[in-house]
1. What number do you get for region 47-165 when its Cα radius of gyration is normalised by 2.2 N^0.38 Å, N = residues?
2. Mind ordering 142-148, 67-73 by average Cβ neighbours within 10 Å, highest first?
3. Using a/c under 1.5 as the rounded threshold, could you call region 50-109 rounded, prolate or oblate? The axes a ≥ b ≥ c are square roots of the C-alpha gyration tensor eigenvalues, and prolate needs a/b larger than b/c, oblate otherwise.
4. So who's got an amide H within less than 5 Å of the one on GLY111, skipping anything under 5 residues away but keeping other chains? H placed 1.01 Å off N, in plane.
5. Of GLU101, GLU106, how do they rank once you tally other Cβ atoms within 10 Å and put the fewest first?
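Values in this text are rule-based calculations from the coordinates and carry no lab data. The structure presented is a predicted model; accordingly, all values stated were derived computationally and were not measured. Every residue, glycine among them, receives a Cβ derived from its backbone with ideal geometry; neighbour counts consider all protein chains shown.
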Amino acid sequence: MTRRRILLLTALLGPLLMGAAPDDTPALSASPGSTPRGITLPGIDLPRPTQQDIEQLQRAATGGDAAALFKLGQLAGRAGDATAAFEAMRRAADQHFHPAEAALAEMLYRGFGTDPDPPRAAIMARRAADAGDSDGQQVPGWLFAIGAGVEQSWPDAVRWASQAATQGNARTQHLRQAVPAPVDII
């Protein structure tokens, strides 16, 4: 592996896997089933909703609204109710709501609200990534980097994380600063 590729991979994966994730995002663990330090789902930094907001979301979710299910999953995750968070994200992802697919992939990998299932996490991440979701593109980046649920592949890890960074994904923005020009990864 060339020195440039090693530097690129260090910039890409070092902060995510080793505990210094950007923007106060928890680092991604290299082992499935590890207890997250407070799983961060996309958009979780939203202001705390009022009881009226929650009731409105619950009514919409009861009607099957995927965005409402996603938001309720975020709120349950923030409150530490892993089972409710997982169920809400699963129901939203079943409707091909791409942000929920990305969040569910991370939950499946970590075992947050369910047993760890890296192969299923990889499938869910690819659904979101193939649809162009930047969080969905970031997830296969680290799955390929550590070989969780997929065969380990540095070129695929860099490709997916680069796509996420290009779209402004906060977890991969350090990549754009470390590698200002396109890099040949093949």
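1. For region 47-165, the normalised Cα radius of gyration is 1.08.
2. 67-73, 142-148
3. oblate
4. When sequence neighbours closer than 5 places are left aside, the close amide H contacts are GLY33, ASP117.
5. Taking fewest neighbouring Cβ atoms as first place, the list is GLU106, GLU101.
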